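A quick write-up on the structure given underneath.
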Amino acid sequence: MPDIAFPDTIDGRSLRDCCGRFATGVTVITTRTPEGDHGMTVSAFMSVSLTPPLICISVNSRSRLLPKVLVSGRYAVNILSDTMHDHALHFAGRPNEALTNLFREQHGLPVLRAAAAILVADIVQQVEAGDHVLLVGHVRYLDSDPAAKPLVYHAGQFRGLLL
Ligand SMILES: Cc1cc2nc3c(=O)[nH]c(=O)nc-3n(C[C@H](O)[C@H](O)[C@H](O)COP(=O)(O)O)c2cc1C
């Protein structure tokens, strides 16, 4: 009897729509190489471990960020506040010339001045996962503004919290 090949019935659009029902925050991942600074909007961020302090991001294998962050070996997670919708689009391939003087330096990396919170991490593990790469980072520095309200991403739309 030949093996019966079961086709993969989960198409990308359905997976994206279904996972999009999970509300997330929005971050911009920044890094620095000898060629310059780079930032990319990422919602796939999570905390992983408290001891040691580990976080994780999921980065598309075809993004410009990936080779840069691997050269750097470090990244900063800039958690966006609800006033930073334009930053989210700017770092997702829709450049906005009105946004200037965005960065300051922290622990040798560029970070967004207006971010609600910042974590700077060294990459300690890299896992290829389909068309993305998971980058586990050891947190070396963090800072947050307790008064900032988060930017929320849900079902393809940016929102704020009602609370
Ligand atoms: C709200 C939002 C969330 C996103 N989340 C991710 C993500 O988690 N991982 C990822 O690889 N791309 C994500 N993207 C897409 C990248 O931001 C986008 O493809 C970007 O232009 C790639 O930048 P680069 O190739 O210049 O590095 C997201 C985009 C948006 C608008």
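The values are calculated or read from the model by the stated rules, or taken from the named source; none is laboratory data. Predicted model only: the values in this text are computed from it and were never measured. A quick note on method: Cβ atoms are made from the backbone with ideal geometry, for glycine too, and the neighbour counts reach across all protein chains shown.
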What's the number of the condition THR9 fails, among (1) modelled with pLDDT of 95 or more; (2) more than 30 Å from LEU162 (Cα to Cα); (3) of a type in the set (Ser, Thr, Tyr)? (1)
Wholly enclosed strands (runs of 3 or more DSSP E) of the range 41-118 bearing at least 2 residues free of Cβ contacts under 8 Å to residues at least 12 places away in the same chain: 45-49, 103-106
One residue is enough: does the range 30-37 have a residue meeting the conditions within 15 Å of the ligand (Cβ to nearest atom), surrounded by fewer than 17 Cβ atoms within 10 Å (Cβ to Cβ), assigned to a strand (DSSP E or B) and in contact (Cβ under 8 Å) with a residue 24 or more places away in the chain? yes
So is HIS107 closer than 22 Å to ALA121 by Cβ and modelled with pLDDT under 95 or not? yes
Checking the structure you have, find out if any residue of the range 73-88 is of a type outside the set (Gly, Ala, Ser) and over 22 Å from ARG113 (Cα atoms). no
Going by what's in this entry, would ALA76 be described as within 11 Å of the ligand (Cβ to nearest atom) and out of contact with any helix residue (DSSP H, G or I) (no Cβ under 7 Å at 6 or more places or on another chain)? no
Can you pull out every residue in the range 79-110 that is more than 16 Å from the ligand (Cβ to nearest atom) and surrounded by fewer than 14 Cβ atoms within 10 Å (Cβ to Cβ)? GLU97, ALA98, THR100, ASN101, ARG104, GLU105, HIS107, GLY108
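Tell me yes or no: at least one residue of the range 39-51 is more than 17 Å from the chain's Cα centre (by Cα), under 24 Å from ALA115 (Cα atoms), at pLDDT 95 or above and not polar (S, T, N, Q). Walk me through it before giving the result.
Here is the first cut: in the range 39-51, the ones more than 17 Å from the chain's Cα centre (by Cα) are 49-51.
Among the residues that remain, those that are also under 24 Å from ALA115 (Cα atoms) are: 49-50.
Now drop any that are not at pLDDT 95 or above, which leaves 49-50.
After this cut, where a residue has to be not polar (S, T, N, Q) as well, the list is 50.
Yes, the range 39-51 contains a residue that is more than 17 Å from the chain's Cα centre (by Cα), under 24 Å from ALA115 (Cα atoms), at pLDDT 95 or above and not polar (S, T, N, Q).
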